[in-house]
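Heads up: the structure comes next, in structure tokens.
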């Protein structure tokens, strides 16, 4: 697997990467790998991830949406 070296990063960027890695409980190297992998993910993979996430939530029925709209209208008018 190839290795890359990145020179001349500002201290600010390095500190942000370290902080992000710390928040995620991973090494800075893993954080950078994750960031690059996510950024350069293949379009089809991104679309599949979106579909997978959407599948976790039930689609509302038209009646549900109409009820939400009506409830919002009632709230706006103080009814």
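Observations on the structure shown:
- For the chain, the longest principal axis of the C-alpha atoms and the axis of helix 28-39 are separated by about 50°.
- Highest-fluctuation residue, 33, 59, 49 considered, GNM on the chain with Cα pairs under 10 Å: 59
- Angle in degrees between helix 11-24 and the longest Cα principal axis of the chain, rounded to the nearest 10: 60 degrees
- The long axis of helix 43-55 is offset from the longest Cα principal axis of the chain by roughly 40 degrees.
- Computed E for residue 44/residue 73 - FRET, C-beta separation, R0 35 angstrom, nearest 0.05: 0.30
- Stokes-Einstein translational diffusion, the range 11-77 - Kirkwood Rh over all Cα pairs, 1.002 mPa s, 20 °C, in µm²/s: 135 µm²/s
Just so you know, all these numbers are worked out from the coordinates, no wet-lab data involved. Just so it is clear, the structure is predicted and the values come from calculations on it, not from any experiment. Note that we place each Cβ from the backbone using ideal geometry, even for glycine, and neighbour counts take in every protein chain shown.
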